[in-house]
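Single-structure report; data block below.
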Amino acid sequence: MDMQSDFDRLLIFEHARKTAEATYAKNPLDADNLTKWGGALLELSQFQNIADSKKMILDAVSKLEEALVVSPNRHDTLWCLGNAHTSHAFLTPDLEEAKEYFSKATQYFQQAVDEEPSNELYQKSLEVAGKAPELHMEIHKHGGLAQQAMGASAGPSSTSSGAKSSKKKKSSDLKYDIFGWVILAVGIVAWVGFAKSHMPPPPSPPPR
């Protein structure tokens, strides 16, 4: 089930990326499209090896920064940039270098909160960003991100039921909150909603 879910996600975000790329060719100044493009790249980066993931994250950052040139105070773009820099930080073994990305992420999350103070997702992201360096140390102390990321990518979705079942298995709720937010991206529901609206649903499995 998890593998099928991951495959579905991969198809959805790859379709979203191609759609955004085609839209960009027609209108390169569409901030909404650039944000969706960056978001799709950020999600797709989860399915790559570390080197390719970093490249894809940097590409996402480029698209999102381009969106901010068009619309400087766009809160969802700011939030996505925070996620991109956080993801990059966790893929960077050197803590001091990673802290620079964490710092950028915090700034973008703060800007997103400033633009939309009532958004609980932005508030949570900002709150957890301050604790991210602690988790970075823990992850890289125990052999790095690669193995844990692979396990997380096949883990639960960001639904509340998935979070609850996973928290029972985790010794630290804090660790799950941060790690789940970084690797699985709590905004996945929004991105899936966008992507599914632009493509037919995947075929249903044959009846047993």
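Observations on the structure shown:
- Within region 14-38, tally of residues that are surrounded by fewer than 23 Cβ atoms within 10 Å (Cβ to Cβ), in contact (Cβ under 8 Å) with a residue 24 or more places away in the chain and more than 16 Å from residue 62 (Cα to Cα): 3
- Any hit, region 97-112, residues being outside any helix (DSSP H, G or I) and of a type outside the set (Gly, Ala, Ser): no
- All of (1) surrounded by fewer than 24 Cβ atoms within 10 Å (Cβ to Cβ); (2) in contact (Cβ under 8 Å) with a residue 60 or more places away in the chain hold for residue 58 with one exception: (2).
- Residue within region 3-23 that is among the small types (Gly, Ala, Ser), more than 30 Å from residue 117 (Cβ to Cβ) and either modelled with pLDDT of 90 or more or within 18 Å of the chain's Cα centre (by Cα) (or both) present: yes
- Per the conditions (1) at pLDDT below 90; (2) crowded, with 20+ Cβ neighbours inside 10 Å; (3) not polar (S, T, N, Q), the sole criterion not satisfied by residue 143 is (2).
- Among the residues of region 49-68, those that are in a helix (DSSP H, G or I) and over 14 Å from residue 34 (Cβ atoms) comprise 50, 51, 52, 53, 54, 55, 56, 57, 58.
- Against the list (1) surrounded by 18 or more Cβ atoms within 10 Å (Cβ to Cβ); (2) modelled with pLDDT of 80 or more; (3) part of a helix (DSSP H, G or I); (4) not charged (D, E, K, R), the condition residue 137 fails is (1).
- As for region 69-90, it holds no residue that is among the basic types (Lys, Arg) and assigned to a helix (DSSP H, G or I).
- Cβ separations smaller than 8 Å between residues 6+ apart or across chains give the following pairs from region 79-100 residues that are closer than 13 Å to residue 139 by Cβ to residues that are polar (S, T, N, Q) and in a helix (DSSP H, G or I): 87/45; 87/53; 91/53.
- Qualifying residue in region 95-118 (condition: at pLDDT below 90, surrounded by fewer than 20 Cβ atoms within 10 Å (Cβ to Cβ) and more than 25 Å from residue 9 (Cα to Cα)): yes
- Being of a type outside the set (Asp, Glu) and under 15 Å from the mean Cα position of the chain (by Cα) is a property that holds for residue 90.
The values are calculated or read from the model by the stated rules, or taken from the named source; none is laboratory data. Since we're looking at a predicted model, the values are computed, not measured. A quick note on method: Cβ atoms are made from the backbone with ideal geometry, for glycine too, and the neighbour counts reach across all protein chains shown.
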